[in-house]
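Written out below as structure tokens is the structure these notes cover.
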Amino acid sequence: MAEQSVVVKGRTFEAPAKGPWELESTHGSRPMTRLAQAAFMDGFPRGFSEGTSRYGVLLDHLRPGFVHSFFYNQPAPVGAPPGAMGPPPKPVLQLLSRVHPEMRRRHKAAAAAMEGKLWRKDLQTWDEVDKPAAIKGHRAIQAVDVAALSDAELADHVDRCAQHLVDSAYLHHKYTITACLPVGDFLAGATTWTGAGVGELMGLLRGRSAISRGFASTELDAAAKALTTSESAQAVLAAATPSADTLATLTEHPEVGEEVTAYLDAVRWRSVGYDVGDQVAGELPDVLVEALRTALAGTSPSAPDDDSALTALRERVPAEHRADFDDRLDQVRHIYRIRDERGVFSDGWATGLARRAMLEVGRRAHAAGRLDDPEHGVELDAAEARALLTTADGPSAAEVAERFEWRTTTTTSDAPAFLRAMPAPPPPSAWLPEPARRTQDAISIFLESLFGVPETPNTDTVLTGLSVNTGVYEGTARLVDSSADFDRIKQGDVLVTRMTSPYFNVVLPMLGAIVTDRGGQLCHAAIVAREYGIPGIVGTRDATSTIPDGARVRVDGTTGEVRLLE
């Protein structure tokens, strides 16, 4: 049982409401800014709940809460009162399944979604309606010259960005079940039929999600192709000049300027994290130059595997289940790309645009003596930004500086993992009516494979995690605590970090291997290691606290071990 309250750095952590709460540490490693919190409080549960309702999932949503800006959540299952400590006893749950109107409706919806392959219709809606509309909305905001706005106009623009961020978080999580359920359904069946592990089965999806290889991979490839035909442009790229100057010269170069500009325009305002406090790719000129050099050198992600691995796995499937195995694999290959697309084309872009607006607020407030640093503008909410821009009110510079200091010096390692208690696992699918069991099994294995990490003890020189790709690689460990560290990554480095997001994609072509503290076989780091065909060990728990920056390490994808060499 977790404590009722915990004191961290002089601050008391108490549960945001009754019941058990769990710290969200897989998708973020620091406290969140106020704009990001608002998006998660509104858009996240609303979108998630809409998806679970349509698919008949009995977990309605994850209830969000923030404690000293750390993101905590709590399962909110259908039929349970807020803050329930766990599922009801089996007889009660079975009675509810027969008499609770919403549970009965969801059982029918679950069966219909599976039978009708609802995710295929959702992918069509995403491709034809929601993604184009999202891109249009992003581009409209990006087209605004924030520096040219009056203070009142900038305050209005911040309001627009804040709402856009909420709407984008909603869009992202509207498709969460669409992205997760077919993957979980395939894994639930295939692990039973073949005895294979999740990592081996996920190898069958390598090369099936282009967006996972980088959100501007098409533009980067075009820029690299143009560079191969221009010796003078290659000389510019290779010169030991400041990266910002290199990029400026390349954009004006007569032979490659159009292609390099298109690449930079595509990535400039994309966030490399989940928060307005995280940098955007355009703030990382060293990374962008290194990405161009890597692309020119010909480093490329994995192509889809041949069918040898599939053939071997399929032979392990009992004959009576092979048609089902084939169908589930076909479904997940068809839908797989939406998992990363829904973030890259929604809140990943919106977060970067909101950051641009808040940095402009910070620049003006700093010039007026109302903030200590322009960067502190990201700590404001929309109402505070308006107050600082247009009135004499608003938070003091000292208060905002304290927020910045807390967010940038405190991590999830400092915060309690649970408040009040650890949330109980969902009930066994066998307790549910037949129509609901397949969906429950799919969601359960997906979540377990997304968050689950091994418990094998680590030592001072050897860490054990989940191997997500084969191969052995030795290289220099580059410890990345935040996006501010991206500029230190060089070609061939081993990325060592707490977790990655889909927005790390700008640095992925440079990496020799990936090692993380958090995440399971379905986390983002695992996906991209497979896509790039590089060794990856996730869920080590202790890599960032054990491996010094710059140390030589061996990442062994066969044993799942990371060994400190020096």
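The values are calculated or read from the model by the stated rules, or taken from the named source; none is laboratory data. These numbers were taken from a predicted model, which means no experiment stands behind them. Glycine also receives a Cβ, built like all others from the backbone with ideal geometry; neighbour counts cover every protein chain displayed. The accessibility values were calculated without ligands, DNA or RNA, using every heavy atom of the protein model including side chains. Shrake-Rupley method; radii C 1.70, N 1.55, O 1.52, S 1.80 Å.
Across segment 52-65, coupling constants 3J(HN,Hα) worked out from phi with the 6.51/-1.76/1.60 Karplus curve, θ = phi - 60°, read 5, 5, 5, 9, x, 6, 7, 7, 5, 6, 9, 6, x, x Hz, and Gly and Pro carry x.
Coordinate range of the alpha-carbon atoms in segment 489-559 per principal axis, descending: 25, 25, 24 Å. Considering only beta bridges that DSSP places wholly inside the chain, some 75 percent are antiparallel. A simple rule links phi to the HN-Hα coupling: the Karplus curve 6.51 cos²θ - 1.76 cosθ + 1.60 with θ = phi - 60°, which for segment 397-407 gives 4, 5, 5, 5, 4, 5, 4, 4, 4, 4, 5 Hz, with x for Gly and Pro.
Non-local lysine pairs in the chain, meaning eight or more places apart or on different chains, with alpha-carbon distances under 17 Å, amount to 5. Dipole magnitude for segment 336-391: about 240 debye, using +1 per Lys or Arg Cβ and -1 per Asp or Glu Cβ, origin at the Cα centre.
Looking at [x] 3, 14, 19, 18, 17, 14, 8, 4, 1, 0; [y] 4, 19, 31, 28, 15, 4, 0, 0; [z] 3, 16, 26, 29, 18, 6, 1, 0, which value of P(r) over Cα pairs in 10 Å bins from 0, in percent comes from a calculation on the structure shown? Computing P(r) over Cα pairs in 10 Å bins from 0, in percent and matching it to [x] 3, 14, 19, 18, 17, 14, 8, 4, 1, 0; [y] 4, 19, 31, 28, 15, 4, 0, 0; [z] 3, 16, 26, 29, 18, 6, 1, 0 gives [z].
Averaged over its residues, the chain has an accessible area of 40 Å² per residue, based on protein heavy atoms and a 1.4 Å probe. Using a Förster distance of 25 Å, how high is the FRET efficiency between residue 46 and residue 142, based on the Cβ-Cβ distance and rounded to 0.05? About 0.50, to the nearest 0.05. Name the residue farthest towards the positive end of the dipole of segment 116-210 from the options 123, 170, 133, assuming +1 on Cβ of Lys and Arg, -1 on Cβ of Asp and Glu, about the Cα centre. It is 123, whose Cα lies furthest towards the positive end.
A simple count of charges around residue 437, restricted to other residues whose Cβ falls under 13 Å of its Cβ and scoring Lys, Arg +1 and Asp, Glu -1, yields -1. Taking every protein chain into account, the 1.4 Å probe leaves residue 393 with about 100 Å² of accessible area, to the nearest ten.
Sorted on the mean count of surrounding Cβ atoms within 10 Å across their residues, most packed first, peptides 85-91, 353-359 read 353-359, 85-91. For segment 64-220, what class follows from the C-alpha gyration tensor (a ≥ b ≥ c being the square roots of its eigenvalues): rounded when a/c is under 1.5, otherwise prolate if a/b is larger than b/c, else oblate? It comes out oblate by the Cα gyration axes. Positive end of the dipole of segment 341-500 (Cβ unit charges, origin at the Cα centre): among 459, 436, 348, the Cα lying farthest that way belongs to 436. Residues 164, 138, sorted by accessible area with the largest first, give 164, 138 [1.4 Å probe; ligands and nucleic acids excluded]. Just the protein heavy atoms count here, and of the accessible area of segment 220-275 at 1.4 Å, carbon and sulfur take up 54 percent. Of the residues 287, 75, 107, the one whose Cα sits farthest towards the positive end of the charge dipole of the chain is 107 (charges of +1 on Lys and Arg Cβ, -1 on Asp and Glu Cβ, taken about the Cα centre). Using a 1.4 Å probe over the heavy atoms of the protein chains, calculate the carbon and sulfur portion of the accessible area of segment 345-413 as a whole percent. Ligands and nucleic acids excluded, carbon and sulfur reach 51 percent. Measuring r between the beta carbons of residue 448 and residue 367 and using R0 = 56 Å, the FRET efficiency lands at 0.65. Net charge dipole, segment 262-348: roughly 60 debye, given to the nearest 20, about the Cα centre with Cβ charges of +1 for Lys and Arg and -1 for Asp and Glu.
Overall, the anisotropy analysis places segment 144-230 in the oblate class: the square-rooted eigenvalues a ≥ b ≥ c of its C-alpha gyration tensor yield a/c not less than 1.5, with a/b not exceeding b/c. The charge dipole of the chain, taken about the Cα centre with unit charges on the Cβ atoms of Lys, Arg (+1) and Asp, Glu (-1), comes to about 1880 debye, rounded to the nearest 20. Maximal additional length on extending the residue 319-residue 102 stretch stands at 74.3 nm, based on 0.36 nm per residue less the C-alpha distance. Overall, the anisotropy analysis places segment 1-108 in the oblate class: the square-rooted eigenvalues a ≥ b ≥ c of its C-alpha gyration tensor yield a/c not less than 1.5, with a/b not exceeding b/c. Estimated purely from DSSP H runs of n ≥ 4, each contributing -39500 (n - 2.57), the mean residue ellipticity at 222 nm for the chain is -15000 deg cm²/dmol once divided by its residues. Applying the criteria of a DSSP loop state and at most 12 other Cβ atoms within 10 Å to the GluC sites (Glu not before Pro) of segment 168-242 yields no site. Solvent-accessible surface (1.4 Å probe) assigned to residue 349 amounts to roughly 20 Å².
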